[in-house]
Amino acid sequence: MITAAVLPWVGGAFAVALLLAFFRLLRGSSLVDRVLALDTLYVNALALLIVLGIALGDPVYFEAALLIAVFGFVGTVAASRYLLRGSVVE
């Protein structure tokens, strides 16, 4: 099937994107760049888990991807509020 042939390429592309986002997280020029790199990092990890779940046919990976999506969104909002106001909670 064509899906089995494409999934390793897609997984490799997401793994490279994950490494590049991690490099940007470590070497970002400003705090805003690092927050965006962290956001990209969790989106790439989420996509990699979904590809892995499709390849293995295991629904546990989809649940883990959903948890990463929720926690990543909350973390991005908290980091953005901290950058904007100086505190997360008013």
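The values are calculated or read from the model by the stated rules, or taken from the named source; none is laboratory data. Here the structure is a predicted model, which means the values were calculated and not measured. All Cβ positions, even for glycine, are placed from backbone atoms using ideal geometry, and neighbour counts span all protein chains on display. Please note that ligands, DNA and RNA were not included when accessible areas were found on the heavy atoms of the full protein model with its side chains. Shrake-Rupley method; radii C 1.70, N 1.55, O 1.52, S 1.80 Å.
Relative to the first principal axis of the alpha-carbon coordinates of the chain, what is the inclination of helix 60-85, with its axis defined by its Cα atoms, in degrees from 0 to 90 and to the nearest 10?
Helix 60-85 sits at roughly 20 degrees to that axis.
Which length gain, in nm to one decimal place, applies between V10 and V60 when the Cα-Cα distance is subtracted from 0.36 nm times their residue separation?
16.0 nm
Can you work out the FRET efficiency for the pair V32 and T3, with r the C-beta to C-beta distance and R0 = 35 Å, to the nearest 0.05?
So, using R0 = 35 Å, E works out to roughly 0.40.
Quantify, in whole percent, the carbon and sulfur part of the accessible surface of the chain (1.4 Å probe; protein heavy atoms only). All intermediate terms of the calculation are to be shown ahead of the outcome.
Details: 4800 of 6370 Å².
C and S fraction of accessible area: 75 percent.
Over the alpha-carbon set of the chain, work out the extent along each principal axis and list the three values in angstrom, largest first.
Here the spans come out as 52, 26, 14 Å, largest first.
Once you've got the GNM for the chain with C-alpha springs shorter than 10 Å, pick whichever of A78, A21, A47 has the biggest mean-square fluctuation.
So, out of A78, A21, A47, the one fluctuating most is A78.
Where nothing but the Cβ of Lys and Arg (+1) and of Asp and Glu (-1) is charged, how large is the charge dipole of the chain around its Cα centre, in debye to the nearest 20?
Taking the Cα centre of the chain as origin, the dipole is about 320 debye.
If each residue of separation counts as 0.36 nm, what is the full-extension length gain between V89 and T76 once their alpha-carbon separation is subtracted?
Fully extending the segment from V89 to T76 adds 3.3 nm.
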